[in-house]
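The values are calculated or read from the model by the stated rules, or taken from the named source; none is laboratory data. For clarity, every value in this text was computed on a predicted model and none was experimentally measured. Backbone-built Cβ (ideal geometry, glycine too); neighbour counts: all protein chains shown.
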Amino acid sequence: MLEIVELRVIEKNAWRVFGSDEGISLGSIRKVQIPGSDPRMATIAQLQRELVEGGEQPLFSGWNIHRHYSAKELAEAELLTMWISAVFEPAGEETKTVYDETDACPLCGVGRRQVGDLSLDTRRIPKRADLAQTIANEVVFSPRLVALLTKEATTGVEFRSVRHRGKEVSEDWLQPVITSPSLDVVEPTQYGTNLFDHDPEGRFRCPLGHTLGLNLISELFLDRSTWAGEDFCATRQLVGVKRGLLRPRASLLISQRLYQLLKREKARGFKVEVAHLS
């Protein structure tokens, strides 16, 4: 696996670490991609911390991690983390989806319950995608994908209606609901505010154990004994933050069987990473 770190570097600070010919200029920001093994990673982490603590503009304002796998690595994975790449807004709460937060954790927001059908502005969903989600992680599947999953007797998921702005039932989208038991996240999975800050103070960790951090930094490692072989599953421990329309979310996982099916049928709107069972 090749890990590439993408940084949105503040242009005026780029010279501190990077050469003038590194990256792509986006005006006041420079997009830089370097291997995760780059020896400058420690320098980047230290400089970012010093600038922030000194009240100055940071070295970088955004980041991402891209993991590139060989065909062999993907084919040998029993489970894969599914990242839905087709994202849209507005969120469901802005288009008449109702949530009951009576039993939700007062600290991190985990445990709220959707009341009735998911209601979205279905006109805003990317039309070329088979899987998509709102900025609040409300997921929808296309009828083509649902028909395929039903035909192949996919386990661990059921499907519910989606309404357009609380009115008519959509013929174009359905909501997947995970029905399989939750999987437990184990070490050495890493969470943090960014890839250099693993939040040692626990600002984004729920003291009750519901939420493990703001962002997932590493690949997922899972307790093998909590997986019974279902095609769709999700983690018990969540990632994210309670802020405005946002709530922490579970990480979605798919079996090798399902991955091969989605790849063969050219399903659109997602990417995967290898997950590890131990």
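Data for the structure
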{"read-out": "Single residue of Asp130, Asp117, Asp121 found to be acidic (Asp, Glu) and surrounded by 20 or more Cβ atoms within 10 Å (Cβ to Cβ)", "value": "Asp130"}
{"read-out": "Test for Thr150: is it among the polar types (S, T, N, Q) and within 22 Å of the chain's Cα centre (by Cα)", "value": "no"}
{"read-out": "Single condition Ser170 does not satisfy, out of (1) among the hydroxyl-bearing types (Ser, Thr, Tyr); (2) in contact with a helix residue (DSSP H, G or I) (Cβ under 8 Å, 6 or more places away or on another chain); (3) under 22 Å from Ala75 (Cα atoms)", "value": "(3)"}
{"read-out": "Residue check, Arg247 assigned by TED's automatic domain parsing to the domain that holds Lys127, touching a residue at least 60 places away in the same chain (Cβ under 8 Å) and out of contact with any strand residue (DSSP E or B) (no Cβ under 8 Å at 6 or more places or on another chain)", "value": "yes"}
{"read-out": "Counted residues, segment 241-278 - those being within 21 Å of Leu220 (Cα to Cα) and assigned to a strand (DSSP E or B)", "value": "14"}
{"read-out": "All positions within segment 240-257 that are surrounded by fewer than 21 Cβ atoms within 10 Å (Cβ to Cβ) and among the aliphatic types (A, V, I, L, M)", "value": "Val241, Leu245, Leu246, Ala250"}
{"read-out": "Members of segment 82-103 found to be among the aliphatic types (A, V, I, L, M) and either on the phi > 0 side of the Ramachandran plot or under 21 Å from the mean Cα position of the chain (by Cα) (or both), listed by number", "value": "Met82, Ile84, Ala86, Val87, Ala91"}
{"read-out": "Residue list for segment 30-47, restricted to those being more than 14 Å from Gly19 (Cβ to Cβ) and polar (S, T, N, Q)", "value": "Ser37, Gln46"}
{"read-out": "Matching strands (runs of 3 or more DSSP E) fully within segment 120-209 where at least 1 residues are polar (S, T, N, Q) and over 23 Å from Glu273 (Cα atoms)", "value": "157-164, 169-178"}
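Every residue, every condition in (1) in contact (Cβ under 8 Å) with a residue 12 or more places away in the chain; (2) part of a strand (DSSP E or B), yes or no:
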position	(1), (2)
Gly55	no, no
Pro58	yes, no
Trp63	yes, yes
Arg67	yes, yes
Leu74	yes, no
Leu80	yes, yes
Trp83	yes, yes
Pro90	yes, no
Glu93	yes, no
